[in-house]
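Shown next, in structure tokens, is the structure this report addresses.
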Amino acid sequence: MRFRFGLLLGFGAGYYLGAMGGRERYEQINRTMRRVRRSEAFDTVTGKAQAVVDLGVERAKDLVDAKLGNGKEGTGNPYEADEET
């Protein structure tokens, strides 16, 4: 399902950017895009997409921290001395 949506989105964007249908077709596409952007469904989809991206970013940060040893056991800086002076 995601593949189909991505394919349709890519096709639509390609047609929009490269359309040779003239000014009238360009204006028709713009009107449709404005109508879609104002819809509640579009807001819902963009909100869900943003949540997925944020989750992916958090997971990537956690993975990088784990690989670098920047877990909860300290500051993660191996050059800092643990001893108090």
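Read the figures in this text as sums done on the coordinates, not as results from a lab. A quick note: this is a predicted structure, and the numbers were derived from the prediction, not measured.
What the phi angles of segment 7-18 give under the Karplus curve with 6.51, -1.76 and 1.60, with θ = phi - 60°, is a coupling list of 5, 5, 5, x, 4, x, 5, x, 5, 4, 6, x Hz, glycine and proline written as x. Extension gain, residue 13-residue 45: 0.36 nm per intervening residue step, less the Cα-Cα distance, totals 9.8 nm.
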